[in-house]
1. Taking residue 291, is it in contact with an Asp or Glu (Cβ under 7 Å, 6 or more places away or on another chain), surrounded by 13 or more Cβ atoms within 10 Å (Cβ to Cβ) and either under 24 Å from residue 148 (Cα atoms) or among the acidic types (Asp, Glu) (or both)?
2. Could you tell me whether any residue of segment 303-317 is surrounded by fewer than 17 Cβ atoms within 10 Å (Cβ to Cβ), part of a strand (DSSP E or B) and not aliphatic (A, V, I, L, M)?
3. Hey, residue 260 hits all of (1) open to solvent by 60 Å² or more (accessible area, probe 1.4 Å); (2) touching a strand residue (DSSP E or B) at 6+ places or on another chain (Cβ under 9 Å); (3) not β-branched (Val, Ile, Thr) but one; which does it fall short on?
4. Read through the list (1) without any contact (Cβ under 8 Å) to a residue 24 or more places away in the chain; (2) over 23 Å from residue 97 (Cα atoms); (3) among the hydrophobic types (A, V, I, L, M, F, W, C); (4) outside any strand (DSSP E or B), then give the number of the only condition that residue 262 fails.
5. Given (1) within 30 Å of residue 237 (Cβ to Cβ); (2) out of contact with any strand residue (DSSP E or B) (no Cβ under 6 Å at 6 or more places or on another chain), where does residue 49 come up short, assuming only one miss?
Amino acid sequence: VLFILNAEPIRVLVTGAAGQIAYSLLYSIAKGDVFGKDQPLILLLLDITPMLPVLEGVVMELQDCALPILREVIPTDKEDIAFKDLDAAILVGSMPRREGMERKDLLKANVAIFKSQGQALDKYAKKTVKVLVVGNPANTNCLIAAKSAPSIPKENFSCLTRLDHNRACSQVATRCGISANVVKNMIIWGNHSSTQYPDVHHCKVNVQGKDMTAFDAVKDDAWLKGDFISTVQQRGAAVIKARKLSSAMSAAKAICDHMRDIWTGTAEAEFISMGVYSTGNPYGVPEDLIYSFPVSIKDKTWKIVEGLVINDFSRAKMDATAAELVEERDTAVSFLGV
């Protein structure tokens, strides 16, 4: 207890804090699932002005959870307050796609949001801040935020593809009748969109105490190269169709997994998927993108896993999702000066 009392609290921002992903996320963060059970927290909650009354309700509930490590909760609609001295920023809030909205219009609206938040990070946050972008289009929003915060290393920015990663692990686990935690080294390549490539070629599973490849465990190559991929790619849309709302519980869980891995590292010889800066990557992915790679993490620093053999099937899918990201980036960057 004395240790808890003496530890310096870290400052963690969640944006879109009155929304449904945040509602599933905040309790997990505040009870220590992400940054540690003995790491005191100050939570900063940013949302747009019309959402402030709702945010007050969220603050009341966080207070009523009576959590030992939650020192303070600060709701605000002001970037200078929200981004001050941050250790971690989870950028969930973005402009959702409305019916009849062109993708270009969606990009334009989000460029404005993430340019502004990138500039706020640059001006107010610690230079060591770890930034996770969740709001869609996540890869490109992340790139815009990083470009708008030149004094913060590009390596400090990542976007969420862990939900896709978890979805893929779960599909394989269900197919093999095993639990998801014994499915290791799944890879999501590319964009957090329907062009993403869930790759099982390097995936290991443990069946009845025996390690084997996903192909050997599943024993259905046609499924792994067909319906498995499309199921993972389309899963977000399937949830929306069923719930009439987008994935929130599973998105919040993936955010926790992603941030916890940044904070505490990945296990030896294991890797996970996250969208990171592509410049200098060993897989021939175009430079200057936020692209999902297999990464291992140590001392809060990610490294792209090297030396994985890429076959022609994988190469074509990796290139297709890269092409989409290049086009998205070029459109978004054209709005930056506007």
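The values are calculated or read from the model by the stated rules, or taken from the named source; none is laboratory data. Just so we're clear, the structure is a prediction, and the values are computed from it rather than from any experiment. Please note: Cβ atoms are built from the backbone with ideal geometry, for glycine as well, and neighbour counts cover all protein chains shown. Quick note on the areas: whole protein, heavy atoms, side chains included, nothing else; ligands and nucleic acids left out. Shrake-Rupley method; radii C 1.70, N 1.55, O 1.52, S 1.80 Å.
1. On the way: in contact with an Asp or Glu (Cβ under 7 Å, 6 or more places away or on another chain): no; surrounded by 13 or more Cβ atoms within 10 Å (Cβ to Cβ): yes; either under 24 Å from residue 148 (Cα atoms) or among the acidic types (Asp, Glu) (or both): yes.
Taking the combined requirement at face value, the residue does not satisfy it.
2. The answer is yes; a qualifying residue exists.
3. Here residue 260 meets the rest and fails (2).
4. The single condition residue 262 does not satisfy is (1).
5. Result: residue 49 fails condition (1) only.
Yes/no matrix, rows are residues, columns are (1) assigned by the TED database to the domain that holds residue 278; (2) surrounded by 18 or more Cβ atoms within 10 Å (Cβ to Cβ):
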residue: 145; (1), (2): no, yes
residue: 151; (1), (2): no, no
residue: 179; (1), (2): yes, no
residue: 188; (1), (2): yes, yes
residue: 202; (1), (2): yes, yes
residue: 208; (1), (2): yes, no
residue: 213; (1), (2): yes, no
residue: 230; (1), (2): yes, no
